[in-house]
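K.L.:
Here you go, one structure.
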Amino acid sequence: MTARRPALPLPQVVRDVLAQRSGRIGMAIVFLHLAVAMAAPLIAPQDPTYQDASAMLQSPSLAHWFGTDRLGRDVFSRTLLGGREAMLIATAATIIAMAWGSAVGILVALIGGRTDAIVMRFIDAMMSIPWILLVMLFVAALGSSSAALVPVLGFSYGLSAVYLARAAALDFVARDFVVAAQIRGHARWAIAVTELLPNVRDSLAVQGAMQWSWILLAVSSLSFLGMGVAPPTPDWGQMIADARGIMQRAPWALICPMLALSSLVIGVNLAVDALARVTGVERTRRVLGA
Amino acid sequence: MAAALLERLGLALVTMIIIVVVVFFALELMPGDACSVNLGRGASDSMLAACQKRLGLDQPPLWRFAAWAGDILTGDLGISMQRERPIAEIVGWRLRNTLILAGVTAAIGIPLALGLGVLAGLNPDGPLDMTISGIAIFAMTVPEFISGTLMILLFSVILGWAAGVVTIGYKAPALDLLKASILPAATLIFILAAHILRMVRASVIEVMQSDFVQMARLKGVPRRRMILHHVVPNTLLPAISIIGLTMAWLLGGVVIVESVFNFPGLGRLAVDAVADQDLPLVQAIALLFGFIYVLTNLGADLLALTLNPRLRARRR
């Protein structure tokens, strides 16, 4: 059999991540957010869309823990519910991005030569257009519904996944076990799945987790610009845009969704930091306009 | 040198051609066209047909692509659907405004990032590094629209130092725009500097451990001289390509930051164009941003090439 870098079994990875301080804090934050998002419809004290004209811009009180916004809606309830849609979109888009991105990246690394060069030139060119304009190009044509955002973001963010999967797979394509599989006459896709995929799994996991937080930020940014999650569904980005005009009189309406979104993203970052350290994968920061 | 130069130029040209192809055919693959999107569902068939005929959308796609790409070569970006004026005319002033904003950001942000990165890297994990790196990681994690809004909250609402929202028009004189770009530029600098300084910090730490720095230290070269003559020049080279790549982020960030501050630049125009369902305008802006990115990176590449002889040799 062939020598491989031993990939840690999943329970071991989870244990090692939790053994790190940043891993523990990060996972705790992320799980708290997930739990709140799932339970939000049950625990939200008020209807997040109910507009109370007699209770506009109220400061935090027992009736409204985080106060009310300019339409008299309960900020606490809206904050609890505000991440659900964005998280759902981010999850679906991340799965699409990682699936097509890593498939193309690994295959291209394996095939090499001219195919590799041509495909990567196209990916390069598309990544030269800042993500937000690429997304806006599609949003302008398709309209901004959550259903349209998933494939659009899945496609756009898959581009950087191609890069990463290719780079990770390139470390292995010349190794003995891959060459041996080629000599045995295995098909390309079979080599990609059985020989390369287990070896790049850790890199893809780290990248996937980062992608999720980037896409979450992308959805929130788009909602902020009025192109993402549409009202009446409450959303953090949309709430922040909405509260900007009243930040002097009702800063709580601005601060609450900001803290919610920032804490979630910081939680993911901490957890990914730990995961990267445990698996020995170099962690990519948000540099390439991703 | 000439071969390496030609190669970079060729690659940049190929990338720009692919950008033109991608921007055109990305929309070609979508349902609907500029007319159906702009006129909406209520449009009658005859209105749609008239609009399509006016814009030449009844022609076959390849023919239209050739015409569109040919126009771009001559600097004609087409006609805006919503404003019914040449796009080049609409875009011109806003491009200037965005370049002013980006120029201020780069002129202050890059030297600041280099300085802070070197300071942080010289004493890694010291109190200064912990402060700088902590703030940098915060800046890199939090999205642009939140840091921008926080800037308004802090400097405009609480401290009252600067106007939170830009109210001047897109044709305002350059000096007024310079004044208007204080807070938007501060937001962009905050994030841009964070990205660059983290890279510089990492490369300073690496260089400090290299043999030639150890050698200089053992020879008794004074610390200040060692830093200025041995460490800094060797960290600048990798920084150049990072700065080029960070431009992609800067351009994307500009779209959001301009919207936060109502700055009359290309980024906000793009947001307005999407809201107006003005496909040709969105296409033109995406194209421009792509070109700016490629050219900036080409510039960074060429600069690195002239400063670093090793890059010239390796390529051959």
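The values are calculated or read from the model by the stated rules, or taken from the named source; none is laboratory data. These figures come from a predicted structure and were not determined experimentally. Methodologically, a virtual Cβ is constructed for each residue, glycine included, from the backbone with ideal geometry; neighbour enumeration extends over all protein chains shown. To get the accessible areas, we keep the full protein, side chains included, count just its heavy atoms, and leave off ligands, DNA and RNA. Shrake-Rupley method; radii C 1.70, N 1.55, O 1.52, S 1.80 Å.
K.L.:
List the relative contact order of chain B as a percent without decimals, with contacts defined as Cα pairs under 8 Å and 6+ residues apart. Don't skip to the answer; put the middle values down first.
P.N.:
Numbers: 341 pairs, mean separation 86.2, N = 316.
The value is 27 percent.
K.L.:
For the Cα atoms of chain B, what angle does the longest principal axis make with the long axis of helix B:182-208, in degrees from 0 to 90, nearest 10?
P.N.:
40
K.L.:
Using Cα springs under 10 Å in a Gaussian network model of chain B, which residue among B:V200, B:V257, B:V14 shows the largest mean-square fluctuation?
P.N.:
Between B:V200, B:V257, B:V14, it is B:V14 that shows the largest mean-square fluctuation.
K.L.:
Counting partner chain Cβ atoms within 10 Å of every residue's Cβ in B:145-156, what's the average?
P.N.:
On the way: counts 13, 14, 2, 2, 9, 5, 0, 3, 7, 0, 0, 2.
Counting other chains' Cβ atoms within 10 Å and averaging over B:145-156 gives 5.
K.L.:
The range B:87-314: Rg/Rh from Cα coordinates, Kirkwood Rh? Please list the in-between numbers first.
P.N.:
Values: Rg = 19.9 Å, Rh = 19.2 Å.
A ratio of 1.04.
K.L.:
Moving on to the next point. Quick one: compute the contact order of chain A, relative version, from alpha carbon pairs under 8 angstrom and 6+ residues apart, as a percent. Kindly include the intermediate steps, with their values, before the conclusion.
P.N.:
Details: 416 pairs, mean separation 83.4, N = 290.
Normalised by residue count, the contact order of chain A is 29 percent.
K.L.:
Can you pull the percent of chain A's accessible area that's carbon plus sulfur, 1.4 Å probe, other chains left in place?
P.N.:
Numbers: 8090 of 12300 Å².
The computed percentage sits at 66.
K.L.:
While we're on this one: Kindly report the accessible area of the range B:87-314 per residue (heavy atoms of protein chains, probe 1.4 Å, no ligands, DNA or RNA), in Å². Please report the intermediate quantities before stating the final value.
P.N.:
On the way: 9370 Å² over 228 residues.
Averaged over the residues of the range B:87-314, the accessible area is 41 Å².
K.L.:
Follow-up question, since we're still on this one. Return the average number of partner chain Cβ atoms within 10 angstrom of each residue Cβ along peptide A:258-271. Each step should come with its number before you reach the end.
P.N.:
Values: counts 8, 1, 0, 4, 7, 0, 0, 4, 4, 0, 1, 3, 1, 0.
Mean partner-chain Cβ count within 10 Å for A:258-271: 2.
K.L.:
Using only Cα atoms and rounding to the nearest 10 degrees, what angle (0 to 90) does helix B:61-73 make with the longest principal axis of chain B?
P.N.:
Helix B:61-73 and the main axis of chain B meet at about 50 degrees.
K.L.:
List residues of the range A:84-122, by number, whose backbone nitrogen lies under 17 Å from a label position 7 Å along Cα→C-beta of A:L42.
P.N.:
A:84
K.L.:
Mind listing the long-range amide H neighbours of B:I79? Cut-off is under 5 Å, sequence gap 5 or more, other chains count too, H placed in the peptide plane at 1.01 Å from N.
P.N.:
Under 5 Å from the amide H of B:I79 lie the amide H atoms of B:I87, each far enough along the sequence or on another chain.
K.L.:
Evaluate the distance, in nm, between pseudo-label points positioned 7 Å from the Cα of A:I25 and of A:L259 along their respective Cα→Cβ axes.
P.N.:
Simple spin-label model gives 1.7 nm for this pair.
K.L.:
While we're on this one: Can you give the calculated 222 nm mean residue ellipticity of chain A, where each DSSP H run of n ≥ 4 adds -39,500 (n - 2.57) and the sum is split over every residue, rounded to the nearest 500 deg cm²/dmol? The partial results should precede the final answer.
P.N.:
Numbers: 12 runs with 201 residues, N = 290.
Theoretical 222 nm ellipticity from helices: -23000 deg cm²/dmol.
K.L.:
Roll a 1.4 Å probe over the protein chains and send me the accessible area per residue for the range A:14-99 in Å². Display every interim value, and only then the final one.
P.N.:
On the way: 4560 Å² over 86 residues.
Each residue of the range A:14-99 exposes 53 Å² on average to a 1.4 Å probe.
K.L.:
Could you let me know the centre-to-centre spacing of the range B:65-142 and the range A:93-167, using Cα atoms, in angstrom?
P.N.:
Computed from Cα coordinates, the inter-centre distance equals 22 Å.
K.L.:
Continuing with the same structure: Separation between the B:M130 and B:A3 pseudo-spin-labels, each 7 Å from Cα along Cα→Cβ, expressed in nm?
P.N.:
Each label point is offset 7 Å from its Cα along the Cβ direction, giving 5.2 nm.
K.L.:
Which of B:P124, B:P264, B:P60 moves most in a GNM of chain B, Cα contacts under 10 Å?
P.N.:
B:P60
K.L.:
Right, something else. In whole angstrom, and with the biggest value first, how far do the Cα coordinates of the range B:2-73 range along each principal axis?
P.N.:
On the principal axes, the range B:2-73 reaches 58, 18, 15 Å in Cα extent.
K.L.:
Could you tell me, in Å, what Rg and Dmax come out for the Cα atoms of the range A:44-94?
P.N.:
Considering the range A:44-94 through its Cα atoms, Rg and Dmax are 12.8, 42 Å.
K.L.:
Next question. Determine the share of the range B:186-316's accessible area contributed by carbon and sulfur atoms, expressed in whole percent, with a 1.4 angstrom probe.
P.N.:
On the way: 3160 of 5280 Å².
Exposed carbon and sulfur together represent 60 percent of the surface.
K.L.:
May I pose another question? Dividing the alpha-carbon Rg of chain A by 2.2 N^0.38 Å yields what? Kindly include the intermediate steps, with their values, before the conclusion.
P.N.:
Numbers: Rg = 21.9 Å, N = 290, 2.2 N^0.38 = 19.0 Å.
Here the answer is 1.16, to two decimals.
K.L.:
Work out from phi, with θ = phi - 60° and the Karplus expression 6.51 cos²θ - 1.76 cosθ + 1.60, the ³J(HN,Hα) of each residue of the range A:219-228, listed in order in whole Hz, and give x for Gly and Pro.
P.N.:
Whole-Hz 3J(HN,Hα) from phi for the range A:219-228: 4, 5, 4, 5, 5, 4, 7, x, 10, x.
K.L.:
Next question. Helix A:113-128 versus the longest principal axis of chain A: what is the Cα-based angle in degrees, 0 to 90, to the nearest 10?
P.N.:
Its long axis makes an angle of about 20 degrees.
K.L.:
First measure r as the distance between the Cβ atoms of B:F212 and A:W65, then evaluate 1/(1 + (r/R0)^6) with R0 = 45 Å and state the FRET efficiency to the nearest 0.05.
P.N.:
Efficiency at R0 = 45 Å is approximately 0.15.
K.L.:
While we're looking at this one, here's another question. Please name the residues of the range B:225-247 whose accessible area, counted over protein heavy atoms with a 1.4 angstrom probe, falls by no less than 20 Å² between the chain alone and the full protein assembly.
P.N.:
B:L245
K.L.:
Under 11 Å from a point 7 Å along the Cα-to-Cβ line of B:F138: which residues of the range A:32-63 have their amide N that close?
P.N.:
The answer is none.
K.L.:
For the protein assembly as shown, with equal point scatterers placed on the C-alpha atoms only and solvent neglected, what are the log10 I(q)/I(0) values from the Debye formula at q = 0.06, 0.09 1/Å, to two decimals?
P.N.:
Result of the Debye calculation: -0.34, -0.80.
K.L.:
Could you tell me the total accessible area buried at the B-A interface, probe 1.4 Å, in square angstrom to the nearest hundred? Before the final figure, lay out each step's value.
P.N.:
Working: alone 16880 and 14450 Å², together 27120 Å².
Roughly 4200 Å² of accessible surface disappears when B and A pair.
K.L.:
Right, another one. Using a Gaussian network model on chain B with a 10 Å cutoff between Cα atoms, which of B:A67, B:A162, B:A284 fluctuates the most?
P.N.:
Of the options given, B:A67 has the highest mean-square fluctuation.
K.L.:
Which ³J(HN,Hα) values, rounded to whole Hz and listed in residue order, are derived for the range B:258-271 from phi using the Karplus coefficients 6.51, -1.76 and 1.60 in 6.51 cos²θ - 1.76 cosθ + 1.60 with θ = phi - 60°, glycine and proline given as x?
P.N.:
The phi angles translate into 4, 5, 4, 9, 6, 6, x, x, 5, x, 5, 4, 4, 4 Hz.
K.L.:
Can you pull out the GluC sites (Glu not before Pro) in the range B:25-109 that DSSP calls coil and that have at most 12 other Cβ atoms within 10 Å? Don't skip to the end; give the middle numbers.
P.N.:
Values: sites: B:E28, B:E84, B:E89; in loops: B:E84.
Answer by residue number: B:E84.
K.L.:
Something else: Using label points projected 7 Å from each Cα along Cα→Cβ, tell me how many nm separate B:D76 and A:H186, to one decimal.
P.N.:
That separation, rounded to one decimal, is 5.7 nm.
K.L.:
Peptide A:219-227: average number of partner chain Cβ atoms within 10 Å per residue?
P.N.:
On the way: counts 0, 3, 9, 3, 1, 9, 10, 4, 3.
Partner-chain Cβ atoms within 10 Å, mean over residues of A:219-227: 5.
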